[in-house]
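S.K.: First, the structure itself, so that you have it in front of you.
The values are calculated or read from the model by the stated rules, or taken from the named source; none is laboratory data. Because the structure is a prediction, the values reported are computed rather than measured. For neighbour counting, all protein chains shown are included, and Cβ atoms are generated from backbone atoms with ideal geometry for every residue, glycine included.
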Amino acid sequence: MTIRLVLLGRQGSGKGTQGARLAVHYDIAHVSTGEMLRNAIRNDTPVGKVVKDVIDKGSLVADDLMASLVKGRLGETDARTRGYLLDGFPRTLPQAHALDEITRARPINVVIDLEVPRELVLQRLGARRAAEHRVDDSPEAVERRLALYEEQTAPLIAHYRRQGVLAVVDGVGTPDEVFVRLVSAIGSATGVTARGGDGQSRR
Ligand code: AMP
């Protein structure tokens with residue numbers, strides 16, 4: 001079975017770190033929309049020019065633009081053949097509906113809600129701001145992103161619960177502890193434990 005996974009969680013939930021690790025573990029594409037957009041800005045592409053101010057403020061990029069970026073990326077060979085982990089998309093209900101369309105032929109098989117309380121996320125983002133100097137980790141931008149998460153992204157949890165693909169994973173603990181929980185949840189949902197070599201098929 002090919003893993004096609006969506007990782008949901010507040011900014012600072014450890015989604016990016018765990019996403020990168022899971023992608024290696026299962027040998028699937030790590031599709032982080034935040035990374036894609038930051039690369040576009042760094043390379044000063046047409047998309048980068050459009051999204052820079054939006055991102056710096058901690059606001060959300062338009063749904064249509066995001067959907068077309070993701071559609072293009074999921075159509076690439078690695079994601080099509082080996083599967084993928086989506087990190088940062090969907091973030092709104094219209095994006096989730098767009099993703100339902102994009103994946104109609106090959107549906108998402110597991111959606112993980114990585115649960116970390118707001119207070120802990122605020123502590124972690126404060127530390128990341130000091131270490132990485134991301135403009136969108138300023139206190140104002142963090143406030144806006146967390147508010148947007150509650151307002152726009154939290155409703156996706158009900159959407160995926162209805163589809164029967166949701167797994168909730170406790171994101172509090174060391175990175176290793178959380179990783180083990182994630183692998184166990186993905187195993188229960190898909191039957192896949194790791195990439196080849198352990199007798200398990202990826203496809
Ligand atoms: P992230 O690295 O996922 O926290 O994304 C960083 C920023 O990129 C967000 O605060 C948004 O401004 C923008 N962004 C990333 N993914 C999306 C998305 N799916 N929809 C809208 N904006 C996004």
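S.K.: Working only within region 149-162, note down all residues that are out of contact with any His (no Cβ under 9 Å at 6 or more places or on another chain) and in contact (Cβ under 8 Å) with a residue 24 or more places away in the chain.
M.R.: Going residue by residue through region 149-162, those that are out of contact with any His (no Cβ under 9 Å at 6 or more places or on another chain) are 149-158, 160-162.
Within region 149-162, 149, 152, 153, 155, 156, 157, 160 meet the criteria.
S.K.: Further question: Scan region 48-70 and tell me whether some residue there is under 24 Å from residue 192 (Cβ atoms) and assigned to a loop (DSSP other than H, G, I, E, B). Talk me through it step by step, then tell me what you get.
M.R.: From region 48-70, those under 24 Å from residue 192 (Cβ atoms) are 70; that's our starting set.
This time we only want the ones that are assigned to a loop (DSSP other than H, G, I, E, B), so: none.
For region 48-70, residues under 24 Å from residue 192 (Cβ atoms) and assigned to a loop (DSSP other than H, G, I, E, B): absent.
S.K.: Out of region 36-74, which residues are within 8 Å of the ligand (Cβ to nearest atom), among the charged types (D, E, K, R) and within 21 Å of residue 100 (Cα to Cα)?
M.R.: 63
S.K.: Regarding region 10-25, can at least one residue be identified that is over 14 Å from the mean Cα position of the chain (by Cα) and surrounded by fewer than 21 Cβ atoms within 10 Å (Cβ to Cβ)?
M.R.: So in region 10-25, the residues over 14 Å from the mean Cα position of the chain (by Cα) come out as 24-25.
Filter once more, so that each one left must be surrounded by fewer than 21 Cβ atoms within 10 Å (Cβ to Cβ): 24-25.
Yes, that holds for at least one residue.
S.K.: Let me ask something else. How many residues does region 170-186 contain that are of a type outside the set (Ser, Thr, Tyr), surrounded by fewer than 17 Cβ atoms within 10 Å (Cβ to Cβ) and free of Cβ contacts under 8 Å to residues at least 60 places away in the same chain?
M.R.: 6
S.K.: I would also like to ask the following. Looking only at region 79-93, filter to residues that are in a helix (DSSP H, G or I) and under 17 Å from residue 109 (Cα atoms); which one of those is farthest from the ligand (Cβ to nearest atom)? Before you say what the answer is, go through the steps one by one.
M.R.: Within region 79-93, the first condition is being in a helix (DSSP H, G or I), and the residues that meet it are 79-82, 93.
Filter once more, keeping what is under 17 Å from residue 109 (Cα atoms): 79-82.
On the way: 79: 16, 80: 20, 81: 24, 82: 22 Å.
Only one residue tops the list, namely 81.
S.K.: What is the residue count in region 148-169 for residues that are within 12 Å of the ligand (Cβ to nearest atom) and under 25 Å from residue 53 (Cβ atoms)?
M.R.: Of the residues in region 148-169, 4 are within 12 Å of the ligand (Cβ to nearest atom) and under 25 Å from residue 53 (Cβ atoms).
S.K.: Restricting to region 96-127, name every residue that is basic (Lys, Arg) and over 20 Å from residue 177 (Cα atoms). Write out each step before concluding.
M.R.: Residues of region 96-127 basic (Lys, Arg): 104, 106, 118, 124.
Selection gives 104, 106.
S.K.: Which of (1) over 26 Å from residue 124 (Cα atoms); (2) within 12 Å of the ligand (Cβ to nearest atom); (3) polar (S, T, N, Q) does residue 33 not meet, given it meets every other one?
M.R.: Residue 33 satisfies every listed condition except (1).
S.K.: Answer with yes or no whether residue 181 is farther than 14 Å from residue 11 by Cα and modelled with pLDDT of 90 or more. Give the steps one after another, and end with the answer.
M.R.: Details: farther than 14 Å from residue 11 by Cα: yes; modelled with pLDDT of 90 or more: yes.
Judged against the criteria, residue 181 is a match.
S.K.: Would you check if residue 110 is away from the ligand (no atom under 15 Å from the Cβ), among the β-branched types (Val, Ile, Thr) and in contact (Cβ under 8 Å) with a residue 12 or more places away in the chain?
M.R.: On the way: away from the ligand (no atom under 15 Å from the Cβ): yes; among the β-branched types (Val, Ile, Thr): yes; in contact (Cβ under 8 Å) with a residue 12 or more places away in the chain: yes.
Against the criterion (away from the ligand (no atom under 15 Å from the Cβ), among the β-branched types (Val, Ile, Thr) and in contact (Cβ under 8 Å) with a residue 12 or more places away in the chain), residue 110 qualifies.
S.K.: Report the residue count in region 115-146 for those that are hydrophobic (A, V, I, L, M, F, W, C) and within 12 Å of the ligand (Cβ to nearest atom). Show your work before the answer.
M.R.: Just the residues of region 115-146 that are hydrophobic (A, V, I, L, M, F, W, C), to begin with: 116, 120-122, 125, 127, 130-131, 135, 141-142, 146.
Restricting the remaining residues to those that are within 12 Å of the ligand (Cβ to nearest atom) gives 121, 125, 135, 141-142, 146.
Count: 6.
S.K.: Moving on to the next point. Can you name the residue in region 170-185 that is part of a helix (DSSP H, G or I) and among the β-branched types (Val, Ile, Thr) and is also nearest to residue 55 (Cα to Cα) among such residues? Before the answer, list the steps.
M.R.: Restricting attention to region 170-185, the residues satisfying the condition of being part of a helix (DSSP H, G or I) are 175-185.
When the remaining residues are screened for being among the β-branched types (Val, Ile, Thr), the result is 178, 180, 183.
On the way: 178: 28, 180: 32, 183: 31 Å.
Here the answer is 178.
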